[in-house]
Amino acid sequence: MSEANSDLKRTPLYDAHVAAGARIVPFAGYEMPVQYAGENGGVLNEHRWTREHAGLFDVSHMGQAKITGADAIAQFERFCCGDYEGLKPGKQRYSLLLNDQGGILDDLMAGKPDEDGLFVVVNAGCKDADFAYIGGKLQGDATLTRLEDRALLAIQGPEAAEVMAKHEPKLADLGFMDSVRMELFGVDAYVSRSGYTGEDGYEISVPAADAERIWNLILEDDKVRPIGLGARDSLRLEAGLPLYGHDADETTSPVEASLGFALSKRRRDAADFPGADRILKERDGAAGRVRIGLHVKEGAPAREGAEIADAEGNVIGRITSGGPSPTLGKNIAMGYVPPAFAELGTALKVIVRGRQQAAEVVAMPFVAQRYYRKPQTA
Amino acid sequence: MRFTKDHEWVAVEGDTATVGITQYAADQLGDVVFVEVPDAGKTLSKGDSFAVVESVKAASDVYAPVAGEVVEGNAELGSAPETVNADPEGKGWFAKIRLNDASEVEGLMDRAAYDAYIASL
């Protein structure tokens, strides 16, 4: 169970998780907390707490890097479908790292928190490959520098902003997807107003040596509880957000993955991203499959690998992630089907342990996102 | 009550065994959100997957600790799966099985042996 495994890495917060009685599991090469102990712990409690108050997540396993140099941003654009030349300073944008066939190598956040290139956060399971790939292709004085001496904390939930404003009032001024470099808790921090739960909140990159002090400081507030990877997964599922390696992989394109919003207009018009031929054709209606949301209307939760069938029982696709939605009190899932079956309201079936169960195509997010949009000033 | 290494318990009355999962198993699973129990009449060999218990995260098979015929599945778990967390070794029972061979139960661990076993995990 939790005995040390020398092949697995630990984040700077490992000791804090163990002290809190977390159940530790291997994830993406790290020993990570899947849920915490005690009467407030467990996936359901932690999930609900985050939706109602504020949850603190250790996401230090994710990959952080700076990409810098004279034309570093232009070079970075060659690997993805986002418009980063046009991204305003102080903002970040979600994008997809693409292979030459237009398949998704990873999804990522990249932003301009300072005057020095891009700050990039990628998935833990992909970070070595991503950074080797990007770093190996950068030319001239453009450089990728991994920030391995940094931890990454996420605070998420409707009370996250109130909690963080007590530590630093300036954080209240950030809008969704703002990205800044600032002094916070006495250290050099990268802060963005974003996350992966569908809630308002922040992701905060701090030096590893200060991570445990800052983690404990944030947890001093009664509104905040530590949240494990179990609830992180059920929260992102409710928010309709894909988990790379499950809901998208190197064979799926942005259009198939229903991530077409990540294709920035300037890049579409220029058709200058990897796999543009395929992806733009799919965008014009040629996709063979698309990612949909399903409400499983009866029976057991439909999980990754379960088949999706049409109303007559013919198998047309597969579930890529699914489970109970604690917020909605029903079973939800994501999966891929041909576009003809993707229309909202389409009656489908999911096959769980050989049994056909009624399901219906529904809109994602399953639970409304509550990102903080700054009021527009005239 | 007798126990298996797969964390099922068995309580025998006459020729019928009530089976479920142990407190340890329920704690390890976390919040149970769905339980599928067998229908009456189903014939089980020892080691058959005869029920499924699902937490938020995953589905797990439950294996028949003894051979026999299902007399009753615990239908209440369908609408109240959380009973498995609240009272796994009582109201959270999964099925009653008419034993083919009552002596089969003798080969399973008693409470002391099971406690020693989970302490070793």
Would you be able to tell me the number of residues in the range A:303-324 that are under 19 Å from B:G30 (Cβ atoms) and in contact with a His (Cβ under 9 Å, 6 or more places away or on another chain)? 2
For A:D269, only one of the following conditions fails: (1) assigned to a helix (DSSP H, G or I); (2) in contact (Cβ under 8 Å) with a residue 24 or more places away in the chain. What is its number? (2)
Does B:V70 qualify as being at pLDDT 95 or above, within 15 Å of the chain's Cα centre (by Cα) and surrounded by 19 or more Cβ atoms within 10 Å (Cβ to Cβ)? yes
Only one residue in A:A165, A:A151 is within 15 Å of A:E203 (Cα to Cα), without any contact (Cβ under 8 Å) to a residue 60 or more places away in the chain and among the small types (G, A, S). Which one? A:A165
Filter result (among the aliphatic types (A, V, I, L, M) and either not assigned by TED's automatic domain parsing to the domain that holds A:G175 or not in a strand (DSSP E or B) (or both)) within the range A:189-212: A:A208, A:A209, A:A211
Enumeration of residues in the range B:56-89 that are within 12 Å of chain A (Cβ to nearest Cβ) and touching a residue at least 40 places away in the same chain (Cβ under 8 Å): B:G78, B:P81, B:E82, B:N85
Which members of the range B:49-67 meet the condition of being over 12 Å from the mean Cα position of the chain (by Cα) and in a loop (DSSP other than H, G, I, E, B)? B:V56, B:K57, B:A58, B:A67
Within the range B:1-38, of all residues that are outside any strand (DSSP E or B) and hydrophobic (A, V, I, L, M, F, W, C), the one farthest from the other protein chains (Cβ to nearest Cβ) is B:M1
Look through the range B:37-55, keep the residues that are in contact with a Lys or Arg (Cβ under 9 Å, 6 or more places away or on another chain) and buried (at least 22 other Cβ atoms within 10 Å of the Cβ), and return whichever of them is farthest from B:D6 (Cα to Cα). B:E54
Answer with yes or no whether A:E148 is part of a helix (DSSP H, G or I) and more than 21 Å from A:Y84 (Cβ to Cβ). no
Kindly provide the set of residues from the range A:233-257 that are out of contact with any Ser or Thr (no Cβ under 7 Å at 6 or more places or on another chain) and either under 18 Å from A:G293 (Cβ atoms) or basic (K, R) (or both), ordered by number. A:D233, A:S234, A:G240, A:L241, A:P242, A:Y244, A:A248, A:T252, A:P254, A:V255, A:E256, A:A257
Number of the exception - A:F57 against (1) under 21 Å from the mean Cα position of the chain (by Cα); (2) within 29 Å of A:T143 (Cα to Cα); (3) of a type outside the set (S, T, N, Q): (2)
Where in the range A:83-125 are there strands (runs of 3 or more DSSP E), lying wholly inside it, with at least 1 residues that are of a type in the set (V, I, T) and out of contact with any helix residue (DSSP H, G or I) (no Cβ under 8 Å at 6 or more places or on another chain)? A:104-111, A:118-122
Out of A:R236, A:R213, A:R225, A:R232, I need the residue that is within 14 Å of chain B (Cβ to nearest Cβ) and over 17 Å from A:A333 (Cβ atoms). Which one? A:R232
Which ranges mark the strands (runs of 3 or more DSSP E) fully within the range A:288-378 that have 1 or more residues being away from chain B (no Cβ under 12 Å) and in contact with a Ser or Thr (Cβ under 8 Å, 6 or more places away or on another chain)? A:290-296, A:330-337, A:355-362
Tell me, please, whether a residue that is within 29 Å of A:K374 (Cβ to Cβ), surrounded by fewer than 24 Cβ atoms within 10 Å (Cβ to Cβ) and modelled with pLDDT of 95 or more can be found in the range A:29-46. no
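The values are calculated or read from the model by the stated rules, or taken from the named source; none is laboratory data. From a predicted model like this one, the values you see are computed outputs, not experimental measurements. Methodologically, a virtual Cβ is constructed for each residue, glycine included, from the backbone with ideal geometry; neighbour enumeration extends over all protein chains shown.
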